[in-house]
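Nothing in this text is a laboratory measurement; each read-out follows from the coordinates by a stated rule. Keep in mind the model is a prediction, meaning the values are calculated, not measured. Ideal geometry is used to build each Cβ from the backbone, glycine not excepted, and the neighbour counts take in all protein chains shown.
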């Protein structure tokens, strides 16, 4: 039974992906599967943040245009105020979310918590 524990199931050097593309060597830093995954997640987070900020600013501008063009109509002014409120709340949520993520990272000892690649290196090290 002790000989069963000494059998090496993995090939020398560990398992590799198929082919020579970026996913072929999962532990090869930025070119491997981990690097591709972390770059993708970081890109998605960045794009979502930018889109949320642009949406909030666009909503604020539409609300301001609605107030200007309301012509004194109470319903139009109320709708425009709601748009402005929605834009401000959205902008505040995005900013507070980034601050909370930064604080959580700080308290966990991960000051660069949004850098997913560094997190993978910390986990695997």
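Pairwise Cα distances in region 49-125 exceed 21 Å for 49 percent of all pairs. In this simple spin-label model, placing a label point 7 Å from the Cα along the Cα-to-Cβ direction at both residue 64 and residue 39 gives a separation of 3.8 nm.
Give me 37, 58 sorted ascending by neighbouring Cβ count inside 10 Å, so fewest comes first. Walk me through the intermediate numbers first.
Details: 37 15, 58 12.
The fewest-first ordering by Cβ neighbours comes to 58, 37.
Extending 7 Å from the Cα toward the beta-carbon at both residue 96 and residue 75 defines two label points whose distance is 3.2 nm.
Here the simple spin-label model places points 7 Å from the Cα toward Cβ, and for residue 57 and residue 115 these points are separated by 2.6 nm.
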